[in-house]
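What follows is a single structure, written as structure tokens, with notes after it.
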Amino acid sequence: MRNLEFELRGRQGQTMPVLLTATAIRDAEGRYIGSRSAVFDISQRRSAERALERVNRALRVRNDVNAALVRAEREEEFLEAVCRVIVEPGGYRMAWVGSAQNDRDQSVRVEAQAGFEDGYLLEANITWADRERGRGPTGTAIRLGQPQINQDFLHNPVTAPWRLDALARGFQSSIALPLKEADHVFGCLTLYAAEPDAFDPEETQLLVDLAQDVEFGVRMLRAGRDLRFTQAAVERLAYSDAQTGLPNRTRLLQQINERLVRENGGPRSELAVLTLVVERFGDIQAGIGIAQAEQLMSDVANRLQVALEEGESLARVSSESFAVLQSPADSTRVQRCVNSIHEVMQRPFQCASLPISVQLDIGAALAPQHGQDPELLLVRSGSAARRARRTASKFLLFDGMAQAEDPQRLALISDLRRAIER
């Protein structure tokens, strides 16, 4: 017996798949004397095979999309992977993801694409507005939030604006699947097939499920992105000054500690911490207001940045004071930094339409000779800055006197408070 499958063509050009079976007829001695043949219409079988193949194709795509989500770290990366697996293992002609824009034209921006496109999307001018180029499958899917199936580019009237370009690229049919976040449609996944009537109910349902997988992936990646953004914002709040954007006291102490650890593990090199205190800052606040005083501190910070050299970094450590971390450092370089700071601070600032002169009292402490604990270095440079107010140069290098003065001063304040109460 021999079987042969082929297509019969009718007078009107229609085709019908058939199966021809031929069986040889032999006599009692085994000699061939004829044959018996039969022709069967196998249209239903072929249709079932194609349907099964399409369903398997959609299942492969869905599995690969879920695998891509596991690997993806960014939304853009995920969407590119979705389009790629739809085309390559899936066998569709082209796939793209568009996002609905709230601009004047209500345009659809291409976010990801794969397959034989050849400039199609560039010329398509697809919109989701209720006009000619918004009534195609993609625009309608976004506008109505429902899947749109185009089974035949050649005869479907809504695809007329794109018909010639689509057929030239081998697009015979398409399906547009809206992508939603809550009740909001944020975009569309559109697939193109190389044959007409490519999307039967079973395959369509699997592709709708695929779109839901893509929605889920986008939500997860956006949630992760928002979480990373929130974490970054929290870190900025924890380690930087809100007004100036400079590192705050906490971050400065970390930087000092990191530098001390690095220096102790490497060549011997000094480190300096300079504290810069704005004189009469309370009076300035009272005179121009808190908001204007904060703006003034931003202006001071900007001017101080200009005075610093390589290896010097600025931080804001309190409402009225800044600090400079200098590494490597020695007394000569510290003095040069102080001179540069005083020089840039000579010109008054314009604040609230008033010229305001800002005087800085500067104290410095060096590591390792004045200590190797970050908090101690900052305290000692601050002590030197408070004592510098009484000097003509407005600068003092920590000399150990403040260490003895501070406990005595605290004891005196305590005694005075008890005396007043009595």
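The values are calculated or read from the model by the stated rules, or taken from the named source; none is laboratory data. As the structure is a computational prediction, the values presented were derived from the model and not from experiment. Because the Cβ atoms are built from the backbone with ideal geometry, glycine has one as well, and the counts that use them run over all protein chains shown. These accessible areas exclude ligands, DNA and RNA; they are computed on the full protein's heavy atoms, side chains included. Shrake-Rupley method; radii C 1.70, N 1.55, O 1.52, S 1.80 Å.
Among the residues of segment 122-138, those that are crowded, with 19+ Cβ neighbours inside 10 Å, assigned to a helix (DSSP H, G or I) and not hydroxyl-bearing (S, T, Y) comprise A124, G134, P137. Filtered by the rule that a residue be out of contact with any Cys (no Cβ under 8 Å at 6 or more places or on another chain) and either farther than 12 Å from L354 by Cβ or surrounded by 17 or more Cβ atoms within 10 Å (Cβ to Cβ) (or both), segment 281-290 gives F281, G282, D283, I284, Q285, A286, I290. Taking segment 177-201 as the range and being among the aliphatic types (A, V, I, L, M) and assigned to a loop (DSSP other than H, G, I, E, B) as the test, the residues that pass are A182, A194, A198. Of the residues making up segment 155-164, not a single one is open to solvent by less than 10 Å² (accessible area, probe 1.4 Å) and either more than 25 Å from A100 (Cα to Cα) or assigned to a strand (DSSP E or B) (or both). Checked against the criterion of being out of contact with any Lys or Arg (no Cβ under 8 Å at 6 or more places or on another chain) and modelled with pLDDT of 85 or more, the candidates A272, A211, A223, A193 yield just one match: A211. Can D105 be described as without any contact (Cβ under 8 Å) to a residue 24 or more places away in the chain, open to solvent by 70 Å² or more (accessible area, probe 1.4 Å) and among the acidic types (D, E)? The answer is no for D105. Among the residues of segment 83-102, those that are open to solvent by 10 Å² or more (accessible area, probe 1.4 Å), touching a Phe, Trp or Tyr at 6+ places or on another chain (Cβ under 9 Å) and not in a strand (DSSP E or B) comprise V87, R93, Q101. Number of residues in segment 380-402 that are in contact with a Gly (Cβ under 9 Å, 6 or more places away or on another chain), part of a helix (DSSP H, G or I) and open to solvent by 20 Å² or more (accessible area, probe 1.4 Å) equals 3.
For (1) open to solvent by 70 Å² or more (accessible area, probe 1.4 Å); (2) modelled with pLDDT of 85 or more; (3) of a type in the set (F, W, Y); (4) touching a strand residue (DSSP E or B) at 6+ places or on another chain (Cβ under 8 Å), each residue gets a yes or a no:
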residue	(1), (2), (3), (4)
Q151	no, yes, no, yes
A168	yes, yes, no, no
P178	no, yes, no, yes
E181	no, yes, no, no
P201	yes, yes, no, no
E215	no, yes, no, yes
L227	yes, no, no, no
A242	yes, no, no, no
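So which of E53, E80, E111, E75 is touching a helix residue (DSSP H, G or I) at 6+ places or on another chain (Cβ under 6 Å), at pLDDT below 95 and open to solvent by 30 Å² or more (accessible area, probe 1.4 Å)? Unique residue meeting the criteria: E75.
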